[in-house]
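Asks: First the structure, then my questions, so here it is.
Each reported figure results from applying straightforward, stated rules to the coordinates on display, with no laboratory input. This is a predicted model, so every value here is computed, not measured. A quick note on method: Cβ atoms are made from the backbone with ideal geometry, for glycine too, and the neighbour counts reach across all protein chains shown.
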Amino acid sequence: MELKDYQLRALDALRTFLDQAAIRDHAHAYTAACAVGQPGAYAATYSPLAGLPDVPYCCLRLPTGGGKTLLAAHAIGVARDTYLARRFPVVLWLVTSTTIAEQTLGALRKVSHPYRQALETAFGGAVRVYGIDERRQLRPQDMADATTVIVSTVQAFRVRNAEDRNVYLDDEELEPHFATLPTSADVTRHEDGPRRGKPIASFANLMKLHRPLVIVDEAHNFTSTLSGETMGRIAPAAVVEFTATPVRSNVIVSATAAELKAADMIKLPIHLSQHGSWQQAIAHAIDNRAWLEGIAVRDGGGIRPIALYQAQPAREGAEATVDVVRRHLIEDCRIPEDRIAVATGNQRELDGIDLFDPACTIEHVITVDALKEGWDCSFAYVFCSLASIRSGGAVEQLLGRVLRMPFATRRSSEELNRAYAHVSERNFFDAAEGLKDRLTEMGFDERTALEAIVEQPATFEWREDQSLFTRPELPVLHVRDRPDQSNWTPEMVAATRMADDGAGGVAITFDTSAPDEVLREVVTAVTSAEVTPTTAVEAFIARRAESLSPAEQGEVLTLPRLAIERDGQLEIVFPETLVDVGGWDLRQVDTGLPGFALTERPDTFEMDVDGDQVVYNRIDAAAELALDDATDWDVAALSRWLDRTTRQRDVSQPIFLEYCRRVVEGVVERIPLAQLVRGKFALRRAIIAKIVQQRREAGMRGVQLLMTDIAPVLSLGDNGFSFSKAGYDPRTPYSGPWRPRKHLFAQVGDLRHGGEEWMAAVQIDDHPAVHRWVRNVDRTTWSYALPTSTDLFYPDFVGELTDGRKLIVEYKGADRTDNADSREKRNIGARLQEVSEGKVVFLWAELDRNGSVNRQIDAAIE
């Protein structure tokens, strides 16, 4: 399953946090991760777990439907690559209930499931998954040659008295794990009796021995359960939480409901209907589901809508209990019994049923709160609450069951992109307020929660929001019957939006960016003898052609790049080129690691590379010795392991393997090989840091040569860089009231209205000497870049002057103009201008230098 942008951002934040936590204090790691995951969101203080200050602890916040469990599966590989000192880590995966544990376990074991595929990819198939009740099957060698994931409820560990839980009791089946441990191993031991001083062969002690990564799913339910004492018994290496509504701190990334909707992960808005009685709510929910089914049949997307009913708990005074609702559906509403399933703690009629199977007949599911978490069927569209929605509790989680988008794919039938809620409340205000509160509990911000609720009349007169069809630039086709899309191309489906028009027909609008030929294909597919709307579409195509951006009309902005001649060939200069020119050759570099050494504490390593001194002290000698057979390793085996886990993309495997061998041979003169093997992850990090340092030094030499000895040339034409209609990624499109006249594209990327760079953009657009310009967004496939010694440099604005010269502008605030990075970028830009022989103007614009950007442009072009 391909990850969405917000999910990739979440993993990047986690990677940053754990990578920094391995060599920095965790507060510093937290700050660095927040800069990646939620830049500028808010300032918070890192809070360690009670009693465990040395354990990195963070939280990823994603609203319901955001794929928290999928990210948790990917997080294991991220943790292995950054923080965990094990090739095959041990993972304790904690969930809220036995039902969710069973569902998670089933998904992690199913080879075709995305959760399992994430693990298979990260660990090359070497993965074993166990339930907590299978802990006695664990064998030492199995845990040594594969990643071990144990899924458990938190209740298994949540006790005041450790003797009350089996995970803390001595178990002879687990004794082989402790057979060869030295007395110095940090595990819980018997305090008296014949085995006094011996390790307690308990599951909790086994976890303490292996220092597991702890994954906490739906962490908001564990407000008081994961105490420092409980975690201390497990001794985690790191704790990563996933939740929609964090109750503790250390949130490193926060996705919004708007991001989920944009990524087609959830159905929004929610069409809310308020009814005077539970019987009316059920009647309208049934009609709602049937109406959606008729649309889904024509849609061709394989969707089978399901209605989910929340009955009242069986207690005195309750009317709409599970049995009453089921009987009402069968006897009064004439729903066949085989289309109804009851899912409660006692009645588990969904067990073993695949609701996604086209042959499945289930259309109505009745529950109280058994589905509040973990149940995952995106075919659920209609939520019918027969209890008060203001009562909270399980309502928000049940509502979340109908928000997941089927197949994470938007449908052209707008009705299938929304969710529907029927509640029995006294008035709509009460219903809307209750629903808003429930959405907030699910991770929505309050404004988004309010905007997500759309009122529907209680009489079931389904009218689409007409604002969809009143934009003057959109052609609207009104047809009598909803077209059958089962044979449409994906491009045709993506280009259309349709919904009931409130007059007995269907209104169809189009994506304004859809190609002309696709629009005509759709018109041909829906045109009938009674309706011939081609004139409106052709008029729209003509209007659109007149309003196209310069890029859409075929205009191209080509910019030069720096190139050098090597071996008779012209080569574009990239950072790797500068590193190579600067003499980067692992066959010749110094392989010594003088800053890498054992400290006074056994099995604790200190690294000091390029003045970056850190202490790496998470080496468990006994466990690593037992698991990795350190005494059987030799220099060649350790070198091969380093080569396999530290491969460099621009260095051939034989050269890098030889480099690793030379490093190991040098270090073993100071550190015994067995200890070095146990500390191999510390050695790996030291090698990476050393290579980064050497690569940076070579790149700086390459930049210096580019400034002086090497004569670069300007690369234009096919070897230049072109902005055209083929692509531009605005990332975060400007949404303010200003409308530029000269921007090459219709959208302007990554600008905040009223900000410094926005003011610079306004002045560039107004300058009479500027013919065309582009806001150059950092790090996209369609961004213009210049090389530096370590990275690529993305100027803020690029353009073309009316006299044909190219304009490159880097805009800096006054506080960011005089550091090593800025000086290097400025020199590279100046060199580009120098070798262009007048074809390029490079401007380093500053906030308070020579007044406005316009005047700085004047000075530069003169």
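Asks: Restricting attention to segment 639-676, which GluC sites (Glu not before Pro) occupy a DSSP loop and are surrounded by at most 13 other Cβ atoms within 10 Å?
Replies: E669
Asks: Follow-up. At a Cα cut-off below 21 Å, give the lysines reachable from K690, other chains included and same-chain residues fewer than 8 away excluded.
Replies: Output for K690: K680.
Asks: Ranked by Cβ crowding within 10 angstrom, fewest neighbours first, how are I23, I687 ordered?
Replies: Ordered by Cβ neighbours within 10 Å, fewest first: I23, I687.
Asks: Another question, if that's okay. Mind listing the phi-derived Karplus ³J(HN,Hα) values for segment 260-267, rounded to whole Hz, using 6.51, -1.76 and 1.60 with θ = phi - 60°, and x for any glycine or proline?
Replies: 5, 5, 4, 8, 6, 9, 9, 8
Asks: Cut-off under 21 Å on the C-alpha distance; same-chain residues fewer than 8 positions from K68 excluded. Which lysines are left, in chain and number order?
Replies: K4, K110, K261, K267, K372
Asks: When only DSSP loop residues count, what trypsin sites (Lys or Arg not before Pro) in segment 685-759 have their Cβ near at most 15 other Cβ atoms within 10 Å?
Replies: Answer by residue number: R731, R741, R752.
Asks: Tell me the net charge near I150. Cut-off is 11 Å between Cβ atoms, I150 excluded, with +1 for each Lys or Arg and -1 for each Asp or Glu.
Replies: 0
Asks: When S424, S413, S547 are ordered from fewest to most other Cβ atoms inside 10 Å of their Cβ, what list results?
Replies: In increasing order of surrounding Cβ atoms, one gets S547, S424, S413.
Asks: Moving on. Provide the packing ranking of 757-766, 327-336, i.e. peptides ordered by the mean count of other C-beta atoms within 10 Å per residue, highest first.
Replies: Packing proxy ranking, top to bottom: 757-766, 327-336.
Asks: So, one more: Between T708 and V651, take the C-beta separation as r, use R0 = 22 Å, and let me know the FRET efficiency to the nearest 0.05.
Replies: 0.20
Asks: Still on this structure: Going by amide H atoms built from the backbone, whose H comes under 5 Å of the H on V251, apart from near neighbours?
Replies: C59
Asks: Using amide H atoms built 1.01 Å from N in the peptide plane, name the residues 5+ places from I671, or on other chains, whose amide H lies under 5 Å from its own.
Replies: Under 5 Å from the amide H of I671 lies no amide H from a residue far enough along the sequence or on another chain.
Asks: Once the piece of chain linking S547 and E658 is laid out straight, how much longer is it, given 0.36 nm per residue of separation minus the C-alpha distance between them?
Replies: That pair, S547 and E658, stretches by 33.9 nm at full extension.
Asks: Counting only other residues whose beta carbon sits under 11 Å from that of E658, what net charge do I get with K and R as +1, D and E as -1?
Replies: Taking every other residue near E658 into account, the sum is +1.
Asks: Using Cα pairs under 8 angstrom and six or more residues apart, how large is the relative contact order of segment 713-861, in percent?
Replies: Reported as a whole number, the value is 19 percent.
Asks: Test of understanding: what is the full-extension gain from S112 to N819, defined as 0.36 nm times their sequence separation minus their Cα-Cα distance?
Replies: 249.5 nm
Asks: Can I ask one more? How big is segment 730-862 on each of its three principal axes, counting only the C-alpha atoms and giving the largest first in Å?
Replies: For segment 730-862, the Cα spread along each principal axis is 37, 31, 30 Å.
Asks: Work out how much length A290 to N346 would gain on full extension: take 0.36 nm times their residue separation and subtract the Cα-Cα distance, in nm to one decimal.
Replies: Computed gain between A290 and N346 is 17.3 nm.
Asks: What net charge is computed for the residues neighbouring Q347, neighbours being all others with C-beta under 11 Å from the C-beta of Q347, Lys and Arg scored +1, Asp and Glu -1?
Replies: That sum, taken over residues with Cβ under 11 Å, equals -1.
Asks: Could I ask something else about it? Which FRET efficiency value, to the nearest 0.05, do you get for V297 and Q155 by plugging their Cβ-Cβ distance into 1/(1 + (r/R0)^6) with R0 = 45 Å?
Replies: 0.55
Asks: Counting other beta carbons within 10 Å of each residue's own, what order do F574, F721, F681 fall into, fewest first?
Replies: Placing the least packed residue first, the sequence is F574, F721, F681.
Asks: Another question, if that's okay. Before anything else, pin down the relative contact order of segment 89-162: Cα pairs under 8 Å, at least 6 apart, normalised by residue count, whole percent.
Replies: 47
Asks: Spelling out what I want: for every residue of segment 664-681, take phi, set θ = phi - 60°, compute 6.51 cos²θ - 1.76 cosθ + 1.60 (Karplus), and round to whole Hz; glycine and proline get x.
Replies: My calculation for segment 664-681 gives 5, 4, x, 6, 5, 5, 10, 10, x, 4, 4, 5, 5, 5, 5, x, 4, 6 Hz in order.
Asks: Return the distance in nm (one decimal) between the two label points of a simple spin-label model at D791 and A179, each offset 7 Å from Cα along Cα→Cβ.
Replies: 5.2
Asks: Another question about this same structure. Roughly what % antiparallel, to the nearest 5, for the DSSP beta bridges in segment 49-246?
Replies: Within segment 49-246, antiparallel bridges account for around 5 percent of the total.
Asks: In whole Hz and in residue order, list the ³J(HN,Hα) couplings for segment 504-511 that follow from phi through the Karplus curve 6.51 cos²θ - 1.76 cosθ + 1.60, θ = phi - 60°; x for Gly and Pro.
Replies: x, x, 10, 9, 10, 10, 10, 5
Asks: Under the rule of at least 5 residues apart or a separate chain, name every residue whose amide H is placed under 5 Å from the amide H of A421.
Replies: For A421, whose amide H was placed from the backbone, the distant partners under 5 Å are H271, L272, S273, F383.
Asks: Applying a 10 Å radius around every beta-carbon, put 169-179, 579-589 in order of their mean neighbour count, most first.
Replies: The peptides rank, most packed first, as 579-589, 169-179.
Asks: Let me ask something additional. Which lysines, if any, have their Cα less than 17 Å from the Cα of K806, not counting same-chain residues under 8 positions apart?
Replies: Answer for K806, where 17 Å is the Cα cut-off: K742, K839, listed by chain and number.
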